[in-house]
Amino acid sequence: MAESKTKFAEIREWIVDHKLRTVGCLWLSGISGSIAYNWSKPGMKTSVRIIHARLHAQALTLAALAGAAAVEYYDHKTGATDRYPKFLKPDNLNKD
């Protein structure tokens, strides 16, 4: 009987398959949340609010990229995933 995947395993598999989309969504939510937070602070100029929002989103994106790199490194070290993406056929890669 086939074992069903847990919800966590399904989410992790989707994130591994769609790393850049995940980082992009995280950036978008980070900049949206930061703009909303900065707009609630009175006494700041609009340009300063936008700069702060960009810096917060940039830091969040760098952390997400580092996390994606760590997951990729761990998966390759443990052999949890194939070495090449699904759309590449390994037998055709080294032909001259």
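Just checking, which of 66, 80 is aliphatic (A, V, I, L, M) and modelled with pLDDT under 85?
80
For the condition surrounded by 12 or more Cβ atoms within 10 Å (Cβ to Cβ), at pLDDT below 85 and in a helix (DSSP H, G or I), residue 71 qualifies.
Among the conditions (1) in a helix (DSSP H, G or I); (2) over 9 Å from the mean Cα position of the chain (by Cα), residue 24 misses just one, which is (2).
In the range 30-52, the qualifying residues are those that are of a type in the set (S, T, N, Q) and in a helix (DSSP H, G or I), and the one that is farthest from residue 62 (Cα to Cα) is 46.
Scanning the range 9-35 for residues that are of a type in the set (Val, Ile, Thr) and either exposed (fewer than 12 other Cβ atoms within 10 Å of the Cβ) or on the phi > 0 side of the Ramachandran plot (or both) gives a single hit, 11.
Just one of the listed residues (45, 19, 89) is at pLDDT below 85 and over 18 Å from the mean Cα position of the chain (by Cα), namely 89.
Any residue at all in the range 40-58 that's out of contact with any His (no Cβ under 6 Å at 6 or more places or on another chain) and within 30 Å of residue 76 (Cα to Cα)? Yes, the range 40-58 contains at least one residue that is out of contact with any His (no Cβ under 6 Å at 6 or more places or on another chain) and within 30 Å of residue 76 (Cα to Cα).
The values are calculated or read from the model by the stated rules, or taken from the named source; none is laboratory data. Here the structure is a predicted model, which is why all the values come from computation and not from measurement. Virtual Cβ from ideal backbone geometry, glycine too; neighbours counted across all protein chains shown.
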